[in-house]
1. Does A:ALA107 satisfy being closer than 18 Å to B:GLY108 by Cβ and buried (at least 24 other Cβ atoms within 10 Å of the Cβ)?
2. If you take the residues of region B:269-285 that are in contact with a strand residue (DSSP E or B) (Cβ under 9 Å, 6 or more places away or on another chain) and either at the interface with chain A (Cβ under 7 Å from one of its Cβ atoms) or without any contact (Cβ under 8 Å) to a residue 60 or more places away in the chain (or both), which of them is nearest to A:ASP214 (Cα to Cα)?
3. Specify the residue that is nearest to the other protein chains (Cβ to nearest Cβ); the eligible residues are those in region A:1-44 that are of a type in the set (Val, Ile, Thr) and assigned to a helix (DSSP H, G or I).
4. Please go through region B:278-301 and pick out each residue that is modelled with pLDDT under 95 and within 16 Å of B:PRO43 (Cβ to Cβ).
5. Checking A:VAL227 against (1) at pLDDT 95 or above; (2) open to solvent by 10 Å² or more (accessible area, probe 1.4 Å); (3) farther than 26 Å from B:SER74 by Cα; (4) not in a loop (DSSP other than H, G, I, E, B), which single condition isn't satisfied?
6. Any residue at all in region B:258-268 that's part of a helix (DSSP H, G or I), under 27 Å from B:ARG169 (Cα atoms), within 12 Å of chain A (Cβ to nearest Cβ) and in contact with a Lys or Arg (Cβ under 6 Å, 6 or more places away or on another chain)?
7. Quick check on region A:161-188: of everything there that is assigned to a helix (DSSP H, G or I) and in contact (Cβ under 8 Å) with a residue 40 or more places away in the chain, which residue is farthest from A:VAL357 (Cα to Cα)?
2 protein chains.
Amino acid sequence: MIADKMVGLVKGSSAIRAMFEEGKRLASIYGAENVYDFSLGNPNVPAPAEVNQAAIEILSEEKTIAVHGYMSNSGYEEVRAKIANSLNKRFDTNFTEQNIIMTVGAAGGLNVILKTLLNPGDEVIAFAPYFGEYNSYVSNFDGKIVAISPNTENFQPNLTEFEEKISARTKAVIVNSPNNPTGVVYSEDTIKKMADILNKKQEEFSIDIYLISDEPYRELVYDGVEVPYLTKYYANTIVGYSYSKSLSLPGERIGYLVIPDEVADFSMVLGAANVANRILGYVNAPSLFQKVIGKCIDVEMDITPYNRNRELLYNSLVEYGFTCIKPEGAFYLFVKSPVADEKEFCEEAKKHNILVVPGSSFACPGYVRIAYCVAYETIEGALRGFKALAVKYQLS
Amino acid sequence: MIADKMVGLVKGSSAIRAMFEEGKRLASIYGAENVYDFSLGNPNVPAPAEVNQAAIEILSEEKTIAVHGYMSNSGYEEVRAKIANSLNKRFDTNFTEQNIIMTVGAAGGLNVILKTLLNPGDEVIAFAPYFGEYNSYVSNFDGKIVAISPNTENFQPNLTEFEEKISARTKAVIVNSPNNPTGVVYSEDTIKKMADILNKKQEEFSIDIYLISDEPYRELVYDGVEVPYLTKYYANTIVGYSYSKSLSLPGERIGYLVIPDEVADFSMVLGAANVANRILGYVNAPSLFQKVIGKCIDVEMDITPYNRNRELLYNSLVEYGFTCIKPEGAFYLFVKSPVADEKEFCEEAKKHNILVVPGSSFACPGYVRIAYCVAYETIEGALRGFKALAVKYQLS
C-alpha cells in the first residue's frame, strides 16, 4: 500500500490539474477550438525570441560538458551574480551571488525554503484565497497551514485577523502578490502594516517569523502598478521567484530564491537551503536554462496580449452581470459564483465547454478562477457561453 | 532558527559535495591542471553530438509555447511511449506510456517513489556500500534506512544478512547496479536469489515489499557484462533511471520512473507518484530535455574513454599495491584504504592535490571512492601522487 498521507491526496488530487486533463479529453471529442479551457496558468504568450536564441547560442558555442554538467547545488555563480545585480538595479537592494539559490521553479524554491525552516507542527500563515498547492508544500514537512479568511471586498489581506492568528508556533507567512487567483497587488501601505505586525509579534513571542514572498507574477502587472520589493520592508523576507510566467517557461522549471543577509540565522538558512535543494532531489536547477537566464537577464516579455484578454474578459463578464475585482496583475480573474456552491457553477460552465476552477481549491469557496493566459479567440469563443450562464442565473 | 532536522545535515553536509567545492578552491590556487579531483560523478565525456543537435532542432522548429509549456505532470505522452517501446525492445518487457513517469533525474525519481510509499518509521533496506544520499531521501519521509553490511570480498550483496533484516516494517529495498561506489554489477543469480527472499518474506509477513532499482549507470558497463532488468525477476519492482551518466546530462535533471502494471496496488502507486512529482515541487521533468530524450532514444554514448581510464587507474593502483575490485560498470573505483581511518588517507591524498571520497560516505568506512569520469591526463597526472602514497604506506 502507498503512504497514508498520499491516499487522500490521490483521491483529492489537484482540481486544477484534473481540469487540465479534462480539457485535453474534451478537446479530443469536440476539437480544441471548441473547448474554452481557462483552468491552468499555462502561458499562451510564447517565450521572447531571445530565449531560444540564447539557448541555441549556448548549445552551439559553449563547451558541451560545461553546459550540461553539475555545478554547485546553488547554481552557476555568474548567473546568480547577474540576477543579484539586476535586482539591485531595479529595486535598489544590495544582493550578491551569495544571496541567490537557483531552483526548480518557484514550486521547487518554496519546498526548499519550507524544508529549511519547518519543524513538525510549525504554523505557516497564508491569506485566502491562496494557491492550493501551498497546503501540500507545507504538509510535505508536517507544518500546518493557518488560513486568514478572504477579504472579499477587495481581496487585500485581512490584517486584523492576521494579527490575531500569529502565535508562538508561527514560523512563516506566505504572500503572493500579484496574487493567484485574484490578480490583486498588495499595496505598499499593506506591506508596511504587515511588516509592523510581524515585527511586533516577533518581539512579543521572541521568535523569528519568515515572510516568504512567492513572486512568479511580479513582472505581470498592468496600468503601471508598482509591486513593492518586500525585502526592503521586512528584514526576515525570503523571495521565491520563477521564470515560468515572466518568460513563459513553466515546463523548464527555472527560478530562484533570494535569501538576504539580513535574514535571521542567515548562514544557517542559506546552508540548509543548499542542502535541501540537493536532498529533495532537485540537486540543482536545470543547467542549460540557468545559462539561458544569465543571457536573458534583461529581456522583458510583451504582456500586451494578456492585457487585451483582461480587458475583454473583465468588461464582458461585468457587462453580463458577473461580480469580480479588476485584476492589476497576473492573468487570473476571480469571479463570484452566481450560486453558493461554485462547483455547481463549474459544472454548468462545462456544459458550454468552459473550464474554470472552483474557488475552494484556493480556500475561498463561492468563487471561480478564470485563467486568461489563453488565445484571444478562446475568450471570444467563450463569451456566448458566459452570457448564457448569466441569463440562466438571472444576473442582469 | 532552521528546522531541527536540517541542523545536523548542514553540519555534516555531503562529503562529496564538500570535496567538489574544495576541488574548485584548490584549482584556483594551483591551477586546474594540477588538481586531481576524483570526488564527483560529473561525467567528463561530453553528451553525444545528437543531443545538442536535437535540442537545436526542437528550439528552431517546434512551437515555442509547446516546447516550454506545462504538460501532464508525468511528462509528454509521446516521449514516455518511446521510452516504453525502447525498453520493451531491449529487455523484452511490456511497458506502455502509462508505466513511465518523467522525473527530475534519478534523485527526483527516488524522492517521488519514497514519498509515494513511506509511512513514518517504515524501513528501507540498502546494501552497503551505497550512495549516501539514500539516507537523506529516506529521512525526507521519516523512513528508516536499514543497512546490510558490505561483503568486502566481492561487494555482491550479503543475502544472508538481507534475509535476516527484512521485517514487518520493511517497505522497500534499494539496489543500485552497476553500483556506486564499487562498480560491481549484480549477477542474474544474485537477483534471482534476492527475488526469492523477497517473495518469501512478503508471504511470511503478509506485506508488499517494493524493490527500487536505481539505475543511472545501466548503460555504463565494460567487457560485455549483462545487467539484468529487474522487473522481469520480481513483480514489485520499480525502476528509477537517469540520463545524467548515460547521456552526460547531470545538470539537466532528466530521468524517469518505471512503474510496471504488476506492482502491488499499481493504480494507487501510479496516482500517488504523479501527485508526489507535482507536490514535491518538481511539477514535471524539464520540458525541452524531455523532448530531447524523445529524439535521442536510441543514441548511445561512447564509453571507451571511461574504459581507458578504468584500465589505467585500476592497473596502476594494483601495481602500486592498492587493493580493489576491478569494476564491471559505472565509473568508480572503490579502493581499500591503507589505514583503518580512511579519512586520514583522504587527507594524505589531498597533500598530493588528489581528491577522493571517504567510504564512510557510503556506509563503508575503510575504503575510498575514486570517480574516474575525468580526463585521461588527470589520471596520468595523479599517478605520481598515488605511487607516493603507496610508498608512504609501504604497500609493496
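The values are calculated or read from the model by the stated rules, or taken from the named source; none is laboratory data. Predicted model only: the values in this text are computed from it and were never measured. Here the Cβ positions follow ideal geometry from the backbone for every residue, glycine too, while neighbour counts run over all protein chains shown. The accessibility values were calculated without ligands, DNA or RNA, using every heavy atom of the protein model including side chains. Shrake-Rupley method; radii C 1.70, N 1.55, O 1.52, S 1.80 Å.
1. Judged against the criteria, A:ALA107 is a match.
2. B:GLY281
3. A:VAL10
4. Hits for region B:278-301 are B:GLU300, B:MET301.
5. (4)
6. no
7. Out of the qualifying residues, it is A:GLU188.
Yes/no matrix, rows are residues, columns are (1) touching a residue at least 12 places away in the same chain (Cβ under 8 Å); (2) more than 30 Å from B:GLU252 (Cα to Cα):
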{"position": "B:LEU288", "(1), (2)": "yes, no"}
{"position": "B:MET301", "(1), (2)": "yes, no"}
{"position": "B:ARG308", "(1), (2)": "yes, no"}
{"position": "B:LEU313", "(1), (2)": "yes, no"}
{"position": "B:VAL318", "(1), (2)": "no, yes"}
{"position": "B:ALA330", "(1), (2)": "yes, no"}
{"position": "B:VAL339", "(1), (2)": "yes, yes"}
{"position": "B:GLU344", "(1), (2)": "no, yes"}
{"position": "B:HIS352", "(1), (2)": "yes, yes"}
